[in-house]
Ligand code: NDP
């Protein structure tokens with residue numbers, strides 16, 4: 001049945017824009033307290049004000065750079081220090097470089113792997129035990145349609161997202177019987193800052209809005225029957241080399 005988010009506390013990474021901000025809004029609307037995580041604290045403050053005014057739940061802000069290894073333990077310690085008991089986690093923060101692999105900046109590729117994969121695993125590990133104990137919340141890991149359709153120009157991105165998909169499906173099996181709802185979410189092209197950056201304003205094909213992606217994810221979580229869902233269009237090929 002539908003998840004009761006009242007009395008829960010859900011951490012959302014990459015909550016300063018796009019799909020993460022839409023997740024934070026929907027979780028707050030459904031009664032969850034939320035912990036908003038990203039680098040752009042000014043954006044988080046604006047969103048926090050909006051959510052507190054609209055829904056009245058608690059909103060906590062944590063400025064964190066997830067391209068720095070070890071973020072999971074740091075965030076867990078920070079929240080424990082503030083007495084926050086986390087019941088849910090949305091690992092949404094992520095980005096993709098877009099260029100032929102042989103021209104990519106190695107440092108940027110390393111950041112991409114740290115944000116999209118290493119810290120997603122680290123955060124999952126840091127919070128999985130309290131999430132399982134609570135047995136009431138969600139663990140959502142945002143993959144991409146690129147996990148299924150590798151694209152020239154996004155070799156590392158697609159591989160990172162395929163990791164997220166496989167990793168999360170395994171956790172779905174491991175979480176059966178605990179009450180924790182686990183979901184790997186693979187959006188197709190979604191109108192966000194990331195999308196605008198990749199498309200450079202030139203894309204005229206189909207896309208969806210973040211609210212639609214989040215709506216589909218929440219419906220799948222309420223049903224709780226599937227380890228992964230795809231949302232939207234399969235036409236992930238934006239980059240032309
Ligand atoms: P946005 O660029 O709008 O949002 C990305 C979010 O990730 C921001 O809140 C950003 O926060 C955060 N983030 C990025 N790097 C870091 C970092 N180093 N440390 C902390 N936070 C970071 O893009 P989307 O909403 O589109 O992206 C959200 C997720 O959806 C990503 O995982 C992306 O791969 C995935 N996705 C997007 C698709 C699309 O078409 N838009 C399709 C498929 C998947 P800040 O900059 O403030 O740190």
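Modelled spin-label separation between residue 108 and residue 193, with each label point placed 7 Å from Cα along the Cα-to-Cβ direction: 1.6 nm.
Students often check this: by mean Cβ neighbours within 10 Å, which of 12-19, 110-117 ranks highest, and how do the rest follow?
Values: 12-19: 26.0, 110-117: 19.6.
Sorting 12-19, 110-117 by mean packing, highest first, produces 12-19, 110-117.
As a proxy for reagent exposure, 178, 10 were ordered by neighbouring Cβ count within 10 angstrom, fewest first; the result is 178, 10.
The relative contact order of the chain, computed from alpha carbon pairs under 8 Å that lie at least 6 residues apart in sequence, is 20 percent.
Could you work out how far helix 119-134 tilts from the main Cα principal axis of the chain, as a 0 to 90 degree angle to the nearest 10? Taking Cα atoms only, the helix is inclined about 30 degrees. Each peptide in 118-125, 182-189 gets a packing score, the mean of other Cβ atoms within 10 Å over its residues, and the list from highest to lowest is 182-189, 118-125.
Where does the chain land at 222 nm, in deg cm²/dmol rounded to the nearest 500, when only DSSP H runs of n ≥ 4 count, each adding -39500 (n - 2.57), divided by all residues? List each step's numbers first, then the result.
Working: 8 runs with 104 residues, N = 241.
Mean residue ellipticity, 222 nm, calculated: -13500 deg cm²/dmol.
Provide 53, 4 in ascending order of the number of other Cβ atoms located within 10 Å of each residue's Cβ, fewest first.
Details: 53 8, 4 12.
Placing the least packed residue first, the sequence is 53, 4.
Its relative contact order, with pairs defined as Cα atoms under 8 Å and 6+ residues apart, puts the stretch 1-120 at 28 percent. Helix 210-223 and the long axis of the chain differ in direction by around 50°, with both axes built from C-alpha atoms.
Classify the stretch 9-231 as rounded, prolate or oblate, taking a ≥ b ≥ c as the square roots of the eigenvalues of its Cα gyration tensor: rounded when a/c is under 1.5, otherwise prolate if a/b is larger than b/c and oblate if not. Can you show the working numbers first?
Details: a/c = 1.40, a/b = 1.33, b/c = 1.05.
In terms of gyration-tensor shape, rounded.
Build a GNM of the chain with springs between Cα atoms under 10 Å apart, and of 62, 37, 142 the one that fluctuates most is 62.
For the stretch 1-105, report the translational diffusion coefficient in µm²/s to the nearest whole number, using Stokes-Einstein at 4 °C, 1.567 mPa s, and a Kirkwood Rh over Cα pairs. Don't jump to the answer; show the numbers that get you there.
Numbers: Rh = 14.4 Å.
The calculation lands on 90 µm²/s.
Relative to the longest principal Cα axis of the chain, at what angle does helix 18-29 sit, 0 to 90 degrees, rounded to 10? Between the helix axis and the principal axis of the chain, the angle is about 20 degrees. Fewest neighbouring Cβ atoms within 10 Å first, the residues 74, 58 line up as 58, 74.
Bear in mind these aren't lab numbers, they're just calculated from the coordinates by the rules spelled out. Computed from a predicted structure; not experimentally measured. All Cβ positions, glycine included, derive from the backbone under ideal geometry; neighbour counts span all protein chains shown.
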